[in-house]
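Presented below is the structure to which this report refers.
The values are calculated or read from the model by the stated rules, or taken from the named source; none is laboratory data. Because the structure is a prediction, the values reported are computed rather than measured. With ideal geometry, Cβ positions are generated from the backbone for all residues, glycine too; neighbour counts draw on all protein chains shown.
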There are 2 protein chains.
Amino acid sequence: MMNTENKDTNELTSKVGRYEFFAMPFHCDFNDRLMIGHLGNYMLNAADFHSRDRGFGFDYLFAIDRAWVLSRVSIEVLEMPKAYDKFYIETWVESAMKYFTRRNFRVVSLDGSTVYAYGRSIWAMINTKTRHPENILDVREGKIMDYIETNKLCDMEDVSRVIIKNDVEKVRTIGTYYSDLDINGHVNSVKYIEHILDLFPLSLYSDKKIKRLDIAYVAEAHCGDDLNFYVAKENEANLIKVTRNSGDEEVEVCRGRLIFV
Amino acid sequence: MMNTENKDTNELTSKVGRYEFFAMPFHCDFNDRLMIGHLGNYMLNAADFHSRDRGFGFDYLFAIDRAWVLSRVSIEVLEMPKAYDKFYIETWVESAMKYFTRRNFRVVSLDGSTVYAYGRSIWAMINTKTRHPENILDVREGKIMDYIETNKLCDMEDVSRVIIKNDVEKVRTIGTYYSDLDINGHVNSVKYIEHILDLFPLSLYSDKKIKRLDIAYVAEAHCGDDLNFYVAKENEANLIKVTRNSGDEEVEVCRGRLIFV
């Protein structure tokens, strides 16, 4: 495992939120390790706590017809927590601009000795009535700038643009149902991760470990949409494109990259 | 909402375990309420904590080639927690016999003023090598009998035998994949609940609420099994039968009953 401890950069400040979680045994796979979709879910919860605590939570935004929209998320796994392991998810905002903010994550054991994972994410803000992007800096008079933390180490490569060449193979089409939906009635960001993981054979999960996952969310899908999953292989990476059927056409809803080692 | 508070019967004793959870927003549906599958998951976690704390956890049992197997679970919902609600899940063993033990649940707000749900469950113990039932009272010389709690109120009808007449309609066949599996590599008890919920149209979840769910687990399914879902209607109840394909035959793996109000 990499040792990325660094007292200077990992100090807790009020800009950094730190929330305790544990690997629920029924969220672990047959290797006794937390499934990356559930880790993603815990990270989104930590993000939500952090923004709520600072006045930018979903509930406040909802009241002013705004909502955060997750645009991209990347998770780099060093060692996945085992069932019952307790850990902190630390999260902080690295930058904020008019239309995008970058939020980072560090998943670390309670005693700080083991870094389990890092995460990076990019969020937009939309107007819930028009569905158009809104200026993040207009909310609470730009107060988000008070929370920018640039010194804390997020020791992973930046979120990457997932570029997919045309020679992809359609490997599965699935329907979407009640359990796929989030609070807003859209297909849940974490469910896409589950559906993507499910494209790969079980033997891959016995023989290898997930090293990195990148997802870019392109458009929303709704209950009843049929989702098509395409896979391409590029060196060590598995590239995934997800579309929904819209009349005779297909509209891209998300794309991902999954690397096993 | 029913008021089932009763100081005498709801006192906490060492026989009763009490664990704090909260409704993770990404575990809530488009009504902003915790999905019953996730509540089931939290209950199973509470059960696991309670049995571990008393020397009967999965990890101890694993070392002596034993495992708990969930045979039935019933959940009666009074009012589903909303996103961010904190609550306790209380759990206790109501009875233990040679081959079965009954475990109950009560889901209650931190201040005790709101009972969200009750649950009942029946567990068997198997030998992990032979997959045959084992005598629960042989483990730790019958120590489980020290923890039987018969005074605490579980204010719901008993787990019910789900009886399905033959006129069921096959409504869906799905494959099983990596995310469907639990730590043991079998299809996760909670995933059956999700798949069952997904059989019903979204409009039902807008117009009505789940009042009660009963599931009986009959046989195990594995990754790669195709699962067939059959539904029948009987008065207010939706009856569900799930089978897996085994050669030319179908083997029943679980059955359920779902009541909306």
Next on the checklist: Scan region B:161-174 and tell me whether some residue there is part of a helix (DSSP H, G or I) and under 29 Å from A:Ser206 (Cβ atoms).
Outcome noted: no
Checklist entry - Looking at region A:182-210, which of the residues that are touching a residue at least 60 places away in the same chain (Cβ under 8 Å) and assigned to a strand (DSSP E or B) is farthest from A:Asn238 (Cα to Cα)? => result A:Val187
Checklist outcome for this item: Note on region A:144-178: residues closer than 14 Å to A:Glu94 by Cα and either within 14 Å of chain B (Cβ to nearest Cβ) or basic (Lys, Arg) (or both) are A:Lys152
Next on the checklist: Take the conditions modelled with pLDDT of 95 or more, touching a strand residue (DSSP E or B) at 6+ places or on another chain (Cβ under 7 Å) and surrounded by fewer than 16 Cβ atoms within 10 Å (Cβ to Cβ) and apply them to B:Arg18. Does it pass?
Outcome noted: yes
Checklist outcome for this item: The condition of being modelled with pLDDT of 95 or more and in contact with a helix residue (DSSP H, G or I) (Cβ under 8 Å, 6 or more places away or on another chain) holds, among A:Val77, A:Val139, only for A:Val77
Checklist entry - So which residues in region A:82-106 are in contact (Cβ under 8 Å) with a residue 60 or more places away in the chain, part of a loop (DSSP other than H, G, I, E, B) and touching a Pro at 6+ places or on another chain (Cβ under 7 Å), if there are any at all? => result A:Ala83, A:Tyr84
Checklist entry - Listed residues B:Leu202, B:Leu227, B:Leu213, B:Leu181; which is within 10 Å of another protein chain (Cβ to nearest Cβ), crowded, with 20+ Cβ neighbours inside 10 Å and not hydroxyl-bearing (Ser, Thr, Tyr)? => result B:Leu181
Next on the checklist: Against the definition (over 30 Å from A:Ala47 (Cβ atoms), within 14 Å of another protein chain (Cβ to nearest Cβ) and either crowded, with 17+ Cβ neighbours inside 10 Å or free of Cβ contacts under 8 Å to residues at least 24 places away in the same chain (or both)), how does B:Gly119 come out, yes or no?
Outcome noted: no
Item to check | Matching residues, region B:142-154, being under 19 Å from B:Tyr116 (Cβ atoms) and surrounded by 17 or more Cβ atoms within 10 Å (Cβ to Cβ) | outcome: B:Lys152, B:Cys154
Checklist entry - Name the residues in region B:41-62 that are facing chain A (nearest Cβ under 9 Å) and either surrounded by 24 or more Cβ atoms within 10 Å (Cβ to Cβ) or of a type outside the set (Phe, Trp, Tyr) (or both), would you? => result B:Asn41, B:Tyr42, B:Leu44, B:Asn45, B:Asp48, B:Arg52, B:Asp59
Checklist outcome for this item: B:Asp214 meets each of (1) in a strand (DSSP E or B); (2) in contact with an Asp or Glu (Cβ under 9 Å, 6 or more places away or on another chain); (3) at pLDDT 95 or above with one exception, condition (2)
